[in-house]
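J.: A single structure is presented below for examination.
The values are calculated or read from the model by the stated rules, or taken from the named source; none is laboratory data. Given the structure is predicted, the values throughout are model-derived calculations rather than measurements. FYI the Cβ positions are ideal-geometry reconstructions off the backbone, even for glycines, and counts take in every protein chain you see. Ligands, DNA and RNA are stripped out before the accessible areas are found, and what is left, the full protein with its side chains, is counted by its heavy atoms. Shrake-Rupley method; radii C 1.70, N 1.55, O 1.52, S 1.80 Å.
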Amino acid sequence: MVGDVHGDLTAFEHAVATDRFIIQLGDLVDHGPDSAGTLRLMLDLIDDGRGLFILGNHDRKLGRALEGRRLRRDPPLEETLHQLSGPVQAGLRERAYEAIATAPAWIIHDKLIFVHGGFHTDMLVEAPPPALGSMSSLLSRALFGETTGRMQPDGYPERRLRWIDHIPAGHVVYCGHDRRSTDGRPWIRDGRNGGRAIFTDLGAGKGGHLAWIDLDV
């Protein structure tokens, strides 16, 4: 299980140098130096039957841009699109779009839950919606977690973690998106119902590093 990569290809190469199946928790692209290379490596893992990725908000935004939708100015996205242009990347845009369009917004495996942003109990009974379809409340939770509707001084939405209290006993949610760690290790929080959330975004591609955890399932 690999956390947010954000274009840090070198770290991602180290993370996937294993014979284990890779579940990457989304946000493969933007910010880091090589989003194109990161995408290519992930797509090769998929083609080889060695991995998959969960839909992240940055991945979905890239998919919508590749559809030709007009989006507000976003320098990290623009750099990713630039990396995906030109003859050297022939075919990569199409492969990336197809993979993003079919990426699941969450995966449930027994009592393990893999999602990019945040959990909702409806995920236990509902299938993930189309990745590039209309934005529903459940897809929003999967991509962005739980927000208050207010903006922080840094320009990002204010987030809250009440959803952790609704994780059923014995279940573990592995997520990214929300950088909570202060010690360079995945941040773990237990909820009131006996469930646990493990936050794995350690700032890869943004001056931090990449987290990965070996799971025996």
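J.: Among the listed residues LEU143, LEU132, LEU139, identify the single one that is within 20 Å of VAL29 (Cβ to Cβ) and assigned to a loop (DSSP other than H, G, I, E, B).
T.: Details: LEU143 fails: assigned to a loop (DSSP other than H, G, I, E, B); LEU139 fails: assigned to a loop (DSSP other than H, G, I, E, B).
Every option except LEU132 fails the conditions.
J.: Tell me, yes or no, whether the stretch 172-187 has at least one residue that is small (Gly, Ala, Ser) and open to solvent by 80 Å² or more (accessible area, probe 1.4 Å).
T.: no
J.: Among the residues of the stretch 11-34, write down those that are among the acidic types (Asp, Glu) and in a helix (DSSP H, G or I).
T.: Matches in the stretch 11-34: GLU13 only.
J.: Mind checking whether some residue in the stretch 156-178 is modelled with pLDDT of 90 or more, in a strand (DSSP E or B), closer than 25 Å to ASP216 by Cβ and of a type in the set (A, V, I, L, M)?
T.: yes
J.: What pairs come up if the first residue lies in the stretch 67-89 and is under 12 Å from PRO33 (Cα atoms) and of a type in the set (Gly, Ala, Ser), the second is modelled with pLDDT of 80 or more and not in a loop (DSSP other than H, G, I, E, B), and their beta carbons are under 9 Å apart, counting only those six or more places apart or on different chains?
T.: Within 9 Å, no pair qualifies.
J.: Kindly indicate the residue of the stretch 2-50 that is at positive phi and under 15 Å from the mean Cα position of the chain (by Cα) and also surrounded by the fewest Cβ atoms within 10 Å (Cβ to Cβ) among those meeting that condition.
T.: Per the criteria, the residue is HIS31.
J.: For the stretch 76-89, indicate whether the set of residues that are of a type in the set (A, V, I, L, M), in contact with a strand residue (DSSP E or B) (Cβ under 6 Å, 6 or more places away or on another chain) and either in a loop (DSSP other than H, G, I, E, B) or farther than 18 Å from GLY203 by Cβ (or both) is non-empty.
T.: Checked against the condition, which is being of a type in the set (A, V, I, L, M), in contact with a strand residue (DSSP E or B) (Cβ under 6 Å, 6 or more places away or on another chain) and either in a loop (DSSP other than H, G, I, E, B) or farther than 18 Å from GLY203 by Cβ (or both), the stretch 76-89 yields no hits at all.
J.: Restricting to the stretch 52-107, name every residue that is among the acidic types (Asp, Glu), in contact with a Phe, Trp or Tyr (Cβ under 8 Å, 6 or more places away or on another chain) and within 19 Å of HIS6 (Cβ to Cβ).
T.: ASP59 - this is the single residue of the stretch 52-107 that is among the acidic types (Asp, Glu), in contact with a Phe, Trp or Tyr (Cβ under 8 Å, 6 or more places away or on another chain) and within 19 Å of HIS6 (Cβ to Cβ).
J.: Continuing with this model, one more query. Looking only at the stretch 100-129, which residues are open to solvent by less than 20 Å² (accessible area, probe 1.4 Å) and in a helix (DSSP H, G or I)?
T.: The answer is ILE100, MET123.
J.: Show the residue pairs meeting these rules: Cβ distance below 8 Å; 6+ apart or different chains; first residue within the stretch 179-195 and under 17 Å from VAL5 (Cβ atoms); second residue surrounded by fewer than 16 Cβ atoms within 10 Å (Cβ to Cβ).
T.: Qualifying pairs under 8 Å: GLY184/HIS209; PRO186/ILE213.
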